[in-house]
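Below: the structure, in structure tokens.
The values are calculated or read from the model by the stated rules, or taken from the named source; none is laboratory data. Everything numeric in this text was worked out from a predicted model, so none of it was measured. We place every Cβ from the backbone using ideal geometry, glycine too, and count neighbours over all the protein chains shown. Side chains are part of the model used for accessible areas, which takes the heavy atoms of the whole protein and leaves out ligands, DNA and RNA. Shrake-Rupley method; radii C 1.70, N 1.55, O 1.52, S 1.80 Å.
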Amino acid sequence: MRLHIVEDYQEMSKKAATIVASQVTLKPESVLGLATGSTPLGMYRNLVQMYRDDIIDLSEVVTFNLDEYLGLGPEHPQSYHHYMHKNFFNQVNIPEDNIHLPQGNSENIEQVCREYDRKIARYKGIDLQVLGIGVNGHIGFNEPDNKLKTATHQVRLTEDTIKANSRFFSSEEEVPRRAVSMGMGSIMQARMILLLASGKQKALAIKNSISGEITTEVPASLLQLHPEVITIVDREAAMYID
Ligand code: F6R
């Protein structure tokens with residue numbers, strides 16, 4: 001694992017965008033695995049600027065998002081579909097047909113999950129997977145448990161995650177209790193992983209993930225087994241790293 005400790009969120013975001021930009025420059029038809037939440041917002045802003053400045057062209061890029069809330073349709077303002085279009089897709093030139101997110105409001109979630117994995121396999125897996133990390137060490141919505149799933153699946157969100165994500169909703173009650181998440185299989189099979197974390201609330205999860213025991217109770221700790229992980233953390237998120 002390559003670890004970069006940077007000064008702050010701005011520097012983390014810039015460095016992350018530079019890595020994504022390098023990936024799509026080297027391989028224009030790259031398959032990117034993308035995350036939502038607060039962490040990658042600055043990275044998306046930097047990528048949008050690079051696109052406007054003609055530094056990158058995303059016309060051949062294919063994307064697969066990590067997750068979506070169960071029950072929220074694409075138009076719902078808190079859905080990850082909405083987030084991705086608002087913060088990234090609507091501002092760059094990735095063709096709509098190349099964009100994939102699990103459909104959270106389908107009648108048949110099992111089929112959505114199976115089809116999602118089939119599509120990822122059809123594109124021969126993910127070249128670069130961007131990850132944030134939960135305060136509890138989750139990646140995607142693979143929550144701490146005594147076992148983890150490899151395939152895309154339905155999950156019940158933990159209380160930690162519901163609490164952490166309630167900041168995007170008007171109350172904690174409104175946070176969906178379930179989600180669809182890419183499993184550990186697609187994440188671990190990505191050819192390269194970019195793990196991002198900012199802020200002291202992530203410090204313990206980062207310490208446990210990069211230097212703790214490898215355990216399904218800290219899903220991000222499994223990344224220690226991946227050969228190509230770049231971790232970029234700011235000073236606060238790095239405060240417990242020895
Ligand atoms: C989001 C996702 C989650 C977040 C994590 C951190 O698509 O998969 O694992 O990356 O919950 O969220 P933030 O960045 O909001 O702290």
Only one of Leu66, Leu70 is open to solvent by less than 30 Å² (accessible area, probe 1.4 Å) and within 16 Å of the ligand (Cβ to nearest atom), namely Leu66
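Within the stretch 143-155, can you find the residues that are more than 15 Å from the ligand (Cβ to nearest atom) and either of a type in the set (Gly, Ala, Ser) or closer than 17 Å to Tyr80 by Cα (or both)? Explain how you work it out, then say what you get.
The initial filter retains those residues of the stretch 143-155 that are more than 15 Å from the ligand (Cβ to nearest atom), namely 146-147, 150-151.
Listed by number, the list holds a single entry, Ala151.
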Within the stretch 74-86, residues surrounded by 16 or more Cβ atoms within 10 Å (Cβ to Cβ) and closer than 17 Å to Tyr51 by Cα come out as Met84, His85
Would you check if there is a residue in the stretch 94-101 being among the polar types (S, T, N, Q), at pLDDT 95 or above, within 16 Å of the ligand (Cβ to nearest atom) and open to solvent by 20 Å² or more (accessible area, probe 1.4 Å)? no
Considering the stretch 39-54, residues that are within 17 Å of Leu194 (Cβ to Cβ) and part of a helix (DSSP H, G or I), and then whichever is nearest to the ligand (Cβ to nearest atom), we arrive at Leu41
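Out of curiosity, is Leu225 more than 13 Å from the ligand (Cβ to nearest atom), more than 23 Å from Tyr44 (Cα to Cα) and crowded, with 16+ Cβ neighbours inside 10 Å?
So Leu225 fails the test.
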Counting only residues that are away from the ligand (no atom under 11 Å from the Cβ), surrounded by 15 or more Cβ atoms within 10 Å (Cβ to Cβ) and closer than 19 Å to Tyr9 by Cα, the stretch 158-202 contains a total of 2
Ser59 passes all but one of the listed conditions (1) under 16 Å from Thr25 (Cα atoms); (2) crowded, with 16+ Cβ neighbours inside 10 Å; the exception is number (2)
Here the qualifying pairs (Cβ atoms under 6 Å; residues six or more apart or on different chains; first in the stretch 193-215 and charged (D, E, K, R); second open to solvent by 40 Å² or more (accessible area, probe 1.4 Å) and part of a helix (DSSP H, G or I)) come out as none
Note to self: Just to be sure before I move on: is Thr18 in a helix (DSSP H, G or I), more than 24 Å from Glu236 (Cβ to Cβ) and open to solvent by 50 Å² or more (accessible area, probe 1.4 Å) in the structure I sent?
What the structure shows: no
Listed by first then second residue, the pairs whose first member lies in the stretch 107-128 and is open to solvent by 70 Å² or more (accessible area, probe 1.4 Å), whose partner is modelled with pLDDT of 95 or more, with beta carbons under 6 Å and at least 6 positions apart or on separate chains, are Tyr123/Val31; Tyr123/Val62
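Picking from Gly132, Gly140, which residue would you name as being within 11 Å of the ligand (Cβ to nearest atom) and in contact with an Asp or Glu (Cβ under 7 Å, 6 or more places away or on another chain)?
Every option except Gly140 fails the conditions.
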Taking Lys119, is it basic (Lys, Arg), within 22 Å of Tyr44 (Cα to Cα) and in a helix (DSSP H, G or I)? no
